[in-house]
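Reviewing the structure listed below.
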There are 2 protein chains.
Amino acid sequence: MKTIHIGILGLGVVGTGVADLLTRKSRLLASRTGAHLNLKTIADLDIDTDRGIDLSTPALVTDAMAVLTDPDIDVVVELIGGHTPARQFIMTALENGKHVVTANKALLAACGGELVETARKNRVDLMFEASCGGCMPIIKTLRESLVANDINSMSAILNGTCNYILSRISKDGSTFEEALKTAQELGFAEAEPSLDIDGHDTAHKLAILNALAHGMEINLSDIHVEGIRDITPMDIEFAKSFGYTIKLLAIGKRHKDHVEARVHPTMIDNTNPLSHVDHSMNAIAIDADATGKTMLYGHGAGMMPTASAVLSDIADIARNIIAGSTGRVPILGYPQENIRHIPILSMNELMTRYYLRFEAQDHPGVLSRIAGILGENKISISSVQQQGRNASGTVPVVMITHVAKEEWIQRALGRITETDCVIKRPMVIRIEDEEAQ
Amino acid sequence: MKTIHIGILGLGVVGTGVADLLTRKSRLLASRTGAHLNLKTIADLDIDTDRGIDLSTPALVTDAMAVLTDPDIDVVVELIGGHTPARQFIMTALENGKHVVTANKALLAACGGELVETARKNRVDLMFEASCGGCMPIIKTLRESLVANDINSMSAILNGTCNYILSRISKDGSTFEEALKTAQELGFAEAEPSLDIDGHDTAHKLAILNALAHGMEINLSDIHVEGIRDITPMDIEFAKSFGYTIKLLAIGKRHKDHVEARVHPTMIDNTNPLSHVDHSMNAIAIDADATGKTMLYGHGAGMMPTASAVLSDIADIARNIIAGSTGRVPILGYPQENIRHIPILSMNELMTRYYLRFEAQDHPGVLSRIAGILGENKISISSVQQQGRNASGTVPVVMITHVAKEEWIQRALGRITETDCVIKRPMVIRIEDEEAQ
């Protein structure tokens, strides 16, 4: 039986999970792949802390170069995360002819093109199933299963921290701050949570998924990103009253000459399967021309779910090594020469429905003036709800619009904010439902 | 660019969809796989009826041998279904060194072992993504993505006809017969619906999924199968009142020395994501040791969703041909020598929870006598509901049990049926919830 030597960079949560699976499941993995997957070396700056797993077999080193330059090592698993030094380590591994498995969405989103090109030149595999959606096989599904499909749209819950917080607000009426604190206590949020709650982690993943879905270059910088800090229990209650749920969605839609790529809190119909994805669970809904609507659901993060995805990549590489078929599936699903630049629609041009919540002054004529300004900006209202009165004496007024252009909405809200009808800039949440399609 | 020649056997609904995708999407497929996938020949007894798609390129023949013996043809796509002549056609194709793609779950469940062995001997690929779950990549997920997992359990809605009928009864209170008639009118059920509604189609798929999940021989004959003919609107209403939904589930669970494999109407908690899978949609929930709970959701049948799955197999084979890596992934996910016989638990030995509905005589002491017989058989009751009175003068009494052994339940129900407490054998629906795990 062929032995394939593996080196891990980074013995954090996921690295520990991968080491654990490679060790505990070595018989299962050998029985499925026909290769002995030997965890030869693990590099981490901290090799002393007890990780609670059996680490008696691999060499533990503090210098990543001991992995990157070891001629025995076939596969390097990068689980350090972030840009520095992960980027340089991956580049060195690829240049040294090693296959690379990574879960590093931030790096792939920022400089995936360079990594893909380097892997290609060095005729090695670069795989990243664990970068998006944790244990869900979304990368494989896009690269291999949906080959005959044009992907019309993807809507995805890709960040467990945000989904946990929004579920919590929805279930028990906590404020955002309270829900974040609970999430941190339970380990669903980092001490420094901004990468998650401001939507950037979700945007990294969307950049990768859009590239795979549409055969386009990875483009992070043109993705519109908003997080969930401003969502209040009141918005969630209003959403419920309209039959909607609020989720932080990654939305990728294909149009003829461009794509939409945006991350923001979104109201979705309670008939949408994504609305039932609660707690820290993730899901990816895809609407493709042959399959119709389909969805993957599972843990998007966590030690073992993420490690499971890393292992699927390692097994794929092992099967390629045994069959002599490295590079069998192009890294981004399309051969490099067929990957195009497809522009991302400017947010101003977006056409969708909107939920608008005004903190309106409780005076006669205010509602008519707000509605008037919306009308002047071609925005047509589908329903209005006014509910009680705030402690401040203002009245929350909610309007759901028909499909309107983002530019009109922003212009109208700017105008309304300048009047004395409202005490602050209105809350805007975009809606994805049948009408907004 | 390499040309790969494809022959289709059977130009029914799915065959037409595959021919359509191969023709309309030939540029996309070439751009993704790097091969020209040329639909060379289609064989069907009826080559005259207009299928509404462009069939100007392939040769249309009535003799399957024109495909099976054509030395140019690399891949044979069998979409005839059933045993005869599909089995012989596939065997001939494999023996002639052709890769085979099939959606034929009935054949795979009955004689998959023989087909796998023949493919292996002739060093060709045999693929069947479209046999289970339509467009959902469940075969690929089990063969490739979950390699490091032990699959603890699978619960799946695998038949759109049954799910449509049960959803219909649940939504508008139709009887089974009315819902079946509507399903037939809308094209969700066959004129001869027994393969679907009696659970056999679901059992075929479970036999395949169990083999892939657990590295076991395909075993159809030991799967317990019940259909949905006896489900009444009353049962669905009672289920709702307990917070349950009734679905026809395929259940595959792994125990140390055996597996469970059963198909029957099942009550599941409304917190279970499968309970939200409505209409003709399918879904497969998997609980594996590394991933935790995960689910695939999508169209389980229909022309284009099924054709999409067939195309993913053709693309996989094309990529294998180009990379010279035929047989790269073992057909059943494990190399033949590692596939074991794992016995299926006898139904009598099953431990689960039960919903029991009695048509009880409206006499004093009846409830106590029924409860007494259950108690004598070690069956403990978790809740009881009695509701109104039937036109016949009997009273529907429903009991939910704690976990009990199927053998005890059947013995007790036999005894109760012999008494004059009830007018017919009670209705039994098994429950899958947290307590029943």
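The values are calculated or read from the model by the stated rules, or taken from the named source; none is laboratory data. Source: prediction; values computed, not measured. Reconstructed Cβ throughout: ideal geometry from the backbone, glycine too, with neighbour counts over all protein chains shown. Each accessible area value is taken on the protein alone, full model and side chains, heavy atoms only, with ligands, DNA and RNA left out. Shrake-Rupley method; radii C 1.70, N 1.55, O 1.52, S 1.80 Å.
Side notes on the structure shown:
- Residue in the stretch A:27-46 that is within 14 Å of B:Asn149 (Cα to Cα) and of a type in the set (Gly, Ala, Ser) present: yes
- Flag if A:Thr232 is in contact with an Asp or Glu (Cβ under 9 Å, 6 or more places away or on another chain), of a type in the set (S, T, N, Q) and over 24 Å from A:Leu146 (Cβ atoms): no
- Verdict on A:Arg168 being more than 13 Å from every other protein chain (Cβ to nearest Cβ), more than 13 Å from the chain's Cα centre (by Cα) and either within 30 Å of A:Thr232 (Cα to Cα) or in contact (Cβ under 8 Å) with a residue 24 or more places away in the chain (or both): yes
- Selection within the stretch B:294-331 - open to solvent by 30 Å² or more (accessible area, probe 1.4 Å), more than 7 Å from every other protein chain (Cβ to nearest Cβ) and either polar (S, T, N, Q) or on the phi < 0 side of the Ramachandran plot (or both): B:Ala301, B:Met303, B:Ile321, B:Ile322, B:Thr326
- When B:Ala59 is tested against (1) in contact (Cβ under 8 Å) with a residue 40 or more places away in the chain; (2) closer than 24 Å to B:Leu21 by Cα, exactly one condition is not met: (1).
- For the stretch A:321-370, a tally of residues being polar (S, T, N, Q) and in contact with a helix residue (DSSP H, G or I) (Cβ under 8 Å, 6 or more places away or on another chain) returns 6.
- Residue that is least open to solvent (accessible area, probe 1.4 Å), among those in the stretch B:6-38 that are assigned to a helix (DSSP H, G or I), away from chain A (no Cβ under 12 Å) and touching a helix residue (DSSP H, G or I) at 6+ places or on another chain (Cβ under 8 Å): B:Thr16
- Any pair with Cβ under 7 angstrom, 6 or more apart, that starts in the stretch A:137-157 at a residue that is within 11 Å of chain B (Cβ to nearest Cβ) and ends at one that is of a type in the set (Phe, Trp, Tyr): A:Ile139/A:Phe128
- Condition met for A:Lys181 (in the same structural domain as A:Asn272 (by TED's automatic domain parsing), in a helix (DSSP H, G or I) and over 30 Å from B:Ala309 (Cα atoms)): yes
- Unmet criterion (only one of (1) of a type in the set (Ser, Thr, Tyr); (2) facing chain A (nearest Cβ under 9 Å); (3) part of a helix (DSSP H, G or I)) for B:Ser368: (2)
- Residue ID - surrounded by the most Cβ atoms within 10 Å (Cβ to Cβ), chosen from residues in the stretch A:414-437 that are aliphatic (A, V, I, L, M) and either in contact with a Gly (Cβ under 8 Å, 6 or more places away or on another chain) or assigned to a loop (DSSP other than H, G, I, E, B) (or both): A:Ala436
- Criterion (under 32 Å from the mean Cα position of the chain (by Cα), of a type outside the set (Gly, Ala, Ser) and at pLDDT 95 or above) met by exactly one of B:Glu349, B:Glu337: B:Glu349
- Number of positions in the stretch B:138-170 that are over 25 Å from A:Cys132 (Cβ atoms) and either at pLDDT below 95 or of a type in the set (Val, Ile, Thr) (or both): 4
- Restricting attention to the stretch B:282-292, the residues that are facing chain A (nearest Cβ under 7 Å) and open to solvent by 10 Å² or more (accessible area, probe 1.4 Å) total 1.
- Condition check for B:Tyr334: within 8 Å of chain A (Cβ to nearest Cβ) and either crowded, with 18+ Cβ neighbours inside 10 Å or more than 30 Å from B:Leu37 (Cα to Cα) (or both): yes
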